[in-house]
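Remarks on the structure that follows.
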Amino acid sequence: MAFRLPPLPYAADALAPHVSARTLELHHGKHHQAYVDTTNKLVAGTALDGLDLVEVIRRAKALGDDKLRNQAGQVWNHSFFWQCMAPGGGQPTGPMAERIEADFGGFDAFAKAFTEEAVVHFASGWAWLVMRGDKLEVVSLHDGDSPVAYDGVRPVLTLDVWEHAYYLDYQNKRPAFVEAFLNNLVDWEFAAENLDGAGAQRANQRP
Ligand code: MN
């Protein structure tokens, strides 16, 4: 038994022109696939074989196995990230809008904080909107680190800011990619579902 590459929840050209079909084909079909394959190789025959993906990430962290933690984290992070986008994007409404208003002082302040975290993050990583306790927070994590590895941190929304996520479409202009994501790609309905605290399970899988 092994982990699998989850299908994209939309066609490869569905997010164009903000994310091109070529970028999505490579990012999902090559990069995400490679994280799945490497995770399967690292887990095979170990005591972690047969555990679900979130549990593998948490155990790898506890064991100090940074290679597996990053690879398995990347499998989960990408599986979550695809669901964070939808053609057309939009603005948060209802409870999600109210939470952003309460915790950031409005959408513009949230967007500013998220953009700063995504743009300033050095080298490879991810920008996250998470819940810690009842409060929404913007954080960034390095390499394949994942919020599901941390007690009490629950994922709501993420953006991949590794160069492979945007280089073909934006070259070195990471701020333009972040702006396109916030303005045209975020699936706020998916983010709102994650206010129930169960976001980790929405990208989890059993081998
Ligand atoms: Mn990626």
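Data for the structure
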quantity	calculated
Qualifying trypsin sites (Lys or Arg not before Pro) for segment 109-157 [loop in DSSP, other Cβ within 10 Å: at most 11]	none
The chain: angle of helix 94-104 to the longest principal axis, Cα-based, in degrees nearest 10	90 degrees
Segment 1-119: C-alpha gyration tensor shape, a/c 1.5 cut-off, then a/b vs b/c	oblate
Longest to shortest principal axis, alpha-carbon extents of segment 20-207, angstrom	49, 38, 27
Accessible solvent surface per residue of the chain, calculated while the other protein chains remain in place, 1.4 angstrom probe, Å²	45 Å²
Tilt relative to the chain, helix 174-184 - C-alpha long axis, 0 to 90 degrees, to 10	70 degrees
Value of [θ]222 nm, deg cm²/dmol, for the chain, DSSP H segments ≥ 4, -39500 (n - 2.57) each, nearest 500	-13000 deg cm²/dmol
Listed pairs K30/K67; K30/K135; K30/K61 exceeding 30 Å between Cα atoms	K30/K135
Where chymotrypsin sites (Phe, Trp or Tyr not before Pro) fall in DSSP loop in segment 87-133, at most 13 other Cβ within 10 Å	F122
Charge dipole magnitude, Cβ of K and R +1, D and E -1 - the chain, Cα centre, debye nearest 20	540 debye
Relative contact order [Cα under 8 Å, 6+ residues apart], segment 20-207, whole percent	29 percent
L168/R206 FRET efficiency (R0 35 Å; Cβ-Cβ; nearest 0.05)	0.55
Gyration tensor verdict on segment 82-190 (Cα atoms; rounded if a/c is under 1.5, prolate if a/b is larger than b/c, oblate otherwise)	oblate
Per-residue SASA entry for E189, accessible area with 1.4 Å probe, Å² rounded to 10	150 Å²
The chain - percent of accessible surface contributed by carbon and sulfur, probe 1.4 Å	52 percent
Charge tally in the Cβ shell below 10 Å around P92, where Lys, Arg are +1 and Asp, Glu are -1, P92 excluded	-2
Debye, to nearest 20: dipole size of segment 92-134, +1 on Lys, Arg Cβ, -1 on Asp, Glu Cβ	120 debye
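The values are calculated or read from the model by the stated rules, or taken from the named source; none is laboratory data. Note that the structure is a prediction, hence the values are computed from the model and not measured. Please note: Cβ atoms are built from the backbone with ideal geometry, for glycine as well, and neighbour counts cover all protein chains shown. Surface areas here come from the heavy atoms of the whole protein model, side chains and all, with no ligands, DNA or RNA. Shrake-Rupley method; radii C 1.70, N 1.55, O 1.52, S 1.80 Å.
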